[in-house]
Every structure is written in structure tokens, then in C-alpha cells.
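The numbers here are math on the coordinates, done by the rules we state, and not lab data. Keep in mind that what you see is a predicted model, and the values were worked out from it rather than measured. Don't worry about glycine lacking a Cβ; one is built from the backbone with ideal geometry, like all the others, and counts go over all protein chains shown.
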Amino acid sequence: MSEQHPSRHHRLLPFLLLISLSSAAQNHHQIQNPPPTIARFQQYLRISTAHPDPDYVSAINFLTNFSHSIPFLQSQNLYFTPERNKPLLLFTLPGSDPSLPSILLNSHLDSVPAEPSKWAHPPFSAHYSSDGKIFARGAQDDKCIGLQYLEAIKGLIEEKSFSPLRNIHISFVPDEEIGGFDGMAKFATSDEFKKLNVGFVLDEGQASPGDEYRVFYADRQPWHIVIKAVGMPGHGSRMFDNGAMENLMKSIEVITKFRDAEFDKVKAGLAANSEVISMNPVFLKAGIPSPTGFVMNMQPSEAEAGFDLRLPPTADPDAMRRRITEEWAPSWRNMTVEITAKGSLRDYRGRPLLTFTNDSNPWWSVFKQAVTSAGGKLGKPEILSSTTDARFMRQLGIPTIGFSPMKNTPILLHDHNEFLKDSVYLEGIKVYESVIKSLSSFTEPSSYHAQ
Ligand SMILES: *[C@@H]1O[C@H](CO)[C@@H](O)[C@H](O)[C@H]1NC(C)=O
Ligand SMILES: *[C@@H]1O[C@H](CO)[C@@H](O)[C@H](O)[C@H]1NC(C)=O
Ligand SMILES: *[C@@H]1O[C@H](CO)[C@@H](O)[C@H](O)[C@H]1NC(C)=O
Ligand SMILES: [Zn+2]
């Protein structure tokens, strides 16, 4: 489809130049008769599973109906909430040796909301423009991979009479975008999950603006820090030691130095953004309110500041806690601190929450080889700046790679006008065919237990 454009553009050029000034994204008309694979992607995208009111039932009905066209694929719905309002859809393609550790291909059903007025096309219309772009909330994050897994398996079975050695599971989980607590968190700790005997997981990654696919071997975990200072109140005119504000400002100086040191590593090119500990102030709370704002001639007896920290699994959580309590909020300066770790940096055995991406991990080697033989190239493995459901599997010590095969694609997750190109989507299916075939059929390490 994309090949036709040059001529079309050429003919429309004067017109396009005129309107491109006002609405750059609307220059392409809609493709009316897409091939079935693209039409299915559009159908899935048109089901709004955006928060706060995701339509999980329609999404699951759609996927289950599609799965009926894929031979041998079994499906089940799992529920982990008493209201049964957050279904999880699990497909299984049985292998010839089900005693081997299985592979799990995971995606989430939900998406973040979209503001239609900020989009060039309605976010749940899956507008397919003549330059091959499919616009929809969820096009990149992450309905693409969920359907690509199924399309790849369908293609392998139909065209290559594929028969895997180990079991292949494909999960569609709810609520990833709101923390995964009623979704993957509960699934990963369930008996159903244990029975799957999962040896390796592929989960979502991110688009790559360049020519290499991005891969992620770890997440960063958020810590929320609230520091409180107390001190003698006093008249605004008086200079005295150890006021609450003064004590808090001393802390902020120390914290700022730490932030600068981390950020300097990034600026000097020694580390990626996601490889350092990020620290950002997010609120300051102090002062005595007055009808017009704050009382100006009074030094308050309490002051408080909040910080968002993100720690990579390479950080030492104990050392960080010591630094915070001893240097950032020392009790001798009459300060207290509340540290809320939103996730663990260590797995259940106390090892850093990351998946090895070298030859010590045979799943990685097979994965990498399979991407290469499909004509793809992997970038340097990265730590994701934010978190995904992958952390729940890594917590169990299961090697988990974040991978969404989208290259030459702007990173638009959670952004307006999220889109994916048809050619990128179709190429991704081919990459998954290669990956699924290799991972499901190699015999090596029935006993490789995660590093
Ligand atoms: C179910 O799938 C079949 C093809 O497999 C398709 O023709 C039909 O439209 C689908 N129904 C729904 C409700 O999606
Ligand atoms: C801490 O509080 C005590 C009691 O109010 C006070 O005597 C002391 O000077 C304060 N110390 C600092 C460093 O603020
Ligand atoms: C693989 O990577 C891990 C983590 O960086 C390292 O500890 C380990 O020694 C490496 N193993 C090999 C065989 O390179
Ligand atoms: Zn996602």
C-alpha cells in the first residue's frame, strides 16, 4: 500500500501544501478494503479497553472468536477478583513434550485513556490512512503484540504445519496500565500459573525510532519519599537556627547534589537515563495559610517535601535506604522520612530483578538468533525507565524480555495520535514466527532456572 504514495502525493501536492499548514496529520484518506490481517488488527483496536472503563468482555470475545480459526489452540478465561469483572484470557498450544518448561507470550488488554479532541482521527476508529498508518489508542501499547502472537502461530500452523516441542501459552491480562495488581500480579502467584511451568516470557517493549529493535531486560522500580521537618516556629523577622524550613532546605541541598551526580553520568554519556537513580521533587508543603495565600511574617513549625525516585535493579536498596535516613532526613536534624517502595529490586531469592542478556541465559541466545535469522537486529539491551507486568515474572526468577517489534517507528505510547504502520506490524508477525518456532523447539535447558 505504501508504494503507491509518491504518485498520489505528487498529484495532490499543491493541495497538501495548503492544508498541511493547519492539520498536518489529516492529509491521507482512509484505506477501505484492508487485507484480513490488518482488518483484524483494526477490529481489536476499535474495542475500547481504555481506562477507567475498559470493555474487557468484548476484547475477549473478539480474541476467542479469532482463536477458533487457529487449529489446536485451547483457550480459558481466568478470574482473580470476586466480582469476576477483570477476566484474563489464556491460550495454550500444546507441545509434543509438555514436561519441558513452557514459553509465555504476554500482552495486556487495557490501554490508557485518549483525549479525542487532541487526535487527528478518533482514537478508537483505527483509521487506516493511505500511507499505511493505523491510528488508535493501543496500536503500539500493546494490542499490536497480542494479536501478532496469535497471527504468528496461525501462520506457522497453516503454512508450515508447525508442531511445537514445548507448550506455548499466550496471555491477555487486564489492568497493566493501573499497576497490574488485579491482573498479572494475581495471575503470577496463582496455582494456574504454577501449573504452566513457565521457563521464559516475552512481554511488551517499546517502539524504536531507529533500525534496531529495542529489548528490555529490567524495569526501574519507583520509590515515593516524603520527608518531614519540624522546628521552632518564629517571627518572620528573626534569624535563628533549626527552623523546620531551614532544616528542610538543608536536606534539599543534599538531595540536589545526589540528583546532579546521577544526572551528570547521563549527560556525560556514561549511563542511559534508565540506568541511573532518577530523583525528582514532586511536592513541597509548608507555610501557614491566610485568606490571600500565606502568612508572610511567620516561620512555620512543619515543612514537608515529596520525591519520586526510580531505582534500577543494579542499585543497592539497603545502601539507598541508609543514605536517605542518614543524609537526606537525619533524625538529629529533627526530620522523619517515609519511604514507600512500589516494587522490589530483588527477586524471591534475593537476586537483582533482571534477566541476563548474555550466553549464560540460553533462552536469550535462542531469542536473539531467531530475531537475526528473521532479518532483524537487536539494539543494546536496555532497562525500561518505567515499569511493566514483566516485574511479576522476574520476581519469580523467570527470565523475561520486553520486546515489541516496532522499528523505524516514533515512540507514541500514551501519546496523542498513537499509530503503527501496516508494514511494521506485518514484519513483526514474521519476527514472532521465527522467535516462537525457535523458542518452542529447542531442547537445551529443561533445568535452566533463571540465572
Ligand atoms: C468470528 O470469526 C469469524 C472468522 O473466523 C468471522 O468471520 C466473524 O466475523 C467473527 N465474528 C465476530 C463477532 O467477530
Ligand atoms: C530538634 O528539636 C529539639 C527539640 O525541639 C531542639 O532542641 C533541637 O535544637 C532541634 N535540633 C535541630 C538540629 O533542629
Ligand atoms: C552474564 O551477565 C551477568 C550480568 O551482567 C554477569 O554477572 C555474568 O557473569 C555474565 N555471564 C557470562 C557468561 O557472560
Ligand atoms: Zn503497555
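A compact table of results
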| quantity | calculated |
| --- | --- |
| Net length gained if the chain between LYS250 and HIS414 were fully extended (0.36 nm per residue, minus Cα distance) | 55.3 nm |
| Ranked list, fewest to most other Cβ atoms within 10 Å of each Cβ, for TYR425, TYR348 | TYR348, TYR425 |
| Whether region 128-206 is rounded, prolate or oblate, judged on the alpha carbon gyration tensor where a/c under 1.5 counts as rounded | oblate |
| Virtual spin-label span in nm between SER161 and ASP53, 7 Å along Cα→Cβ | 5.1 |
| Rel. contact order, % - alpha carbon contacts under 8 angstrom, at least six apart, region 297-451 | 25 |
| Hz values of 3J(HN,Hα) by residue in region 133-144 - Karplus curve (6.51, -1.76, 1.60), Gly and Pro given as x | 8, 10, 8, 5, 5, x, 4, 9, 10, 9, 5, 4 |
| Percent antiparallel among DSSP beta bridges (both partners in the chain, rounded to 5) | 75 |
| Partner lysines for LYS380 [C-alpha distance under 28 Å; skip if fewer than 8 residues away on the same chain] | LYS133, LYS143, LYS265, LYS267, LYS342, LYS368, LYS407, LYS421, LYS430, LYS437 |
| Within the chain, helix-based [θ] at 222 nm, where runs of 4 or more DSSP H residues each add -39,500 (n - 2.57), nearest 500 | -9500 deg cm²/dmol |
| Relative contact order computed over the chain (Cα-Cα under 8 Å; 6+ residues apart), in percent | 22 |
| Fully extended contour minus Cα-Cα distance, from ASP316 to LYS342, at 0.36 nm per residue | 7.8 nm |
